[in-house]
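The values are calculated or read from the model by the stated rules, or taken from the named source; none is laboratory data. The model shown is predicted, which means the values in this text are computed figures rather than measured ones. Cβ sites come from the backbone with ideal geometry, for glycine too, and all protein chains shown count toward neighbours. What goes into the accessible areas is simple: the full protein's heavy atoms, side chains included, and nothing from ligands, DNA or RNA. Shrake-Rupley method; radii C 1.70, N 1.55, O 1.52, S 1.80 Å.
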Amino acid sequence: MTSTRAGTTWIAAHRSAVIDPHEAFKLFEVRGFTDQTVRQTLRPAGGGEALRVHLSNRYGTTPLDIGGAHLARRIEGSTIDPTTDVTLLFAGAETVTVPPGEEIVSDPLEGPVTAGEELALSLYLPGDTGLTTHSAIPYDVGHAVPGDQLTAESLDESDELITGHFVTGIDVLAPEDTRIAVAFGDSWIEGMATTPGTGGSFPAQLDRRLTSGWIVATGISGNRLLTDEIGAHLLSRATHDVLDIPGASHVIIHTGLNDLGLPGAIAFPEPAKLPTAADLITGLTALADRLHTAGLTVIGATIGPYAGTVYPGYDTDEGQAVRADVNTWLLGDSHPFDAVIDIAAAVADPDHPTRIRDDYNSGDGLHVNDAGAKAIADAVDLSLLNL
């Protein structure tokens, strides 16, 4: 693999946190592929002189055979500009096998990378992949077709993929003093219910306000602070999804909603045991301390409103009481964070502050729409992100 040039280093320009398809509780599609080409869109948040792609078989139970990988500029949908199509190599080879539990990085692809450009990654998967390591909310809808169609200009009559598969990130070769923030947490970080393919999530909209550096996101919809499923819990994935990300100097955290809502939703109509405010405060403190020890600036966030959500069992009086106590602590003087973003206040209905405002409500009472995500992004004091 080519070494970095003087004055440059590899910096993360895109990240996707991934889910184990074998979890007992599933909110999202789990699937595999056999003799198919999968094309997915990636949008780097920052630019550089070269790029490399991260692929994962972290939760696979069998070897993942990749019969070819191509990268091109996307025009729209599954259509690429064929004049930009290039082959990705892995240790000099066009094919690679990723063992179960492993992740790989492609060889560097030389050439300028522009922040915000849409890239189409095509993978040919000749064998049976088994259930795939996947992400809940990719940048945009992906496409799968039979056979090896790596170089096809458009994938006609394709299956649409609303989940992401195998891809965990892009790095770019950028100036070595480049610093980035990692947005870490749940669906409010990942962008659930915002418009696919538009960069409508809160971190993406906040990124567009920055004048230096950029933001990558490792949110998992349904993720919890203290308990596995959906995805490994935040405390256990902090190393992989924050500390191991090259260039990270700041982290923004939103979590707690699913700790309070998922137990009741899973058990419904039976009651469920929820964490106490002390449990969440202890977990948030441990997470902040761990990230501080690594030298990061750690920015917390109040737990967003969700009263009246359409999901049965999610909204309970007990959960609302815990949320109120945790948010009071976050807005006080005893929390361990360098700063706290009041996400709840940014999108709450002023007349019913436990609910999302109607014009920011995606329709399910649990997630914000594009306008709500923008309201959160606009509420962030940019002096907190001195990247």
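Before moving on, here are some points about what is shown:
- If the condition is being more than 30 Å from residue 176 (Cα to Cα), among the hydrophobic types (A, V, I, L, M, F, W, C) and not in a helix (DSSP H, G or I), then the stretch 351-387 contributes 356, 366, 368.
- Residue pairs whose Cβ atoms lie under 7 Å apart, sitting 6 or more positions apart in sequence or on different chains, and linking a residue in the stretch 127-153 that is assigned to a loop (DSSP other than H, G, I, E, B) to a partner that is acidic (Asp, Glu) and open to solvent by 50 Å² or more (accessible area, probe 1.4 Å), are 141/160; 147/35.
- Scanning the stretch 217-227 for residues that are within 18 Å of residue 137 (Cα to Cα) and open to solvent by 10 Å² or more (accessible area, probe 1.4 Å) returns 217, 224.
- Pair list, Cβ under 7 Å, 6 or more apart: the stretch 232-249 residue farther than 13 Å from residue 216 by Cβ and open to solvent by 30 Å² or more (accessible area, probe 1.4 Å), other residue at pLDDT 95 or above and among the basic types (Lys, Arg): 233/224
- Selection from the stretch 283-312 of residues that are farther than 18 Å from residue 187 by Cα and either assigned to a helix (DSSP H, G or I) or open to solvent by less than 40 Å² (accessible area, probe 1.4 Å) (or both): 283, 285, 286, 287, 288, 289, 290, 291, 292, 293, 296, 298
- Scanning the stretch 31-86 for residues that are among the β-branched types (Val, Ile, Thr) and in contact (Cβ under 8 Å) with a residue 40 or more places away in the chain yields 34, 37, 38, 41, 53, 61, 62, 66, 79, 80.
- Taking the criterion of being under 14 Å from residue 192 (Cα atoms), open to solvent by less than 30 Å² (accessible area, probe 1.4 Å) and small (Gly, Ala, Ser), the residues of the stretch 351-387 that qualify are 365, 372, 373.
- Residues satisfying the stated conditions in the stretch 316-350, i.e. within 13 Å of residue 256 (Cα to Cα), open to solvent by 20 Å² or more (accessible area, probe 1.4 Å) and of a type in the set (D, E, K, R): 325
- From 372, 365, residue being closer than 24 Å to residue 272 by Cα, of a type outside the set (Phe, Trp, Tyr) and in contact (Cβ under 8 Å) with a residue 12 or more places away in the chain: 365
- Positions within the stretch 28-78 being touching a His at 6+ places or on another chain (Cβ under 8 Å), polar (S, T, N, Q) and open to solvent by 40 Å² or more (accessible area, probe 1.4 Å), in sequence order: 61
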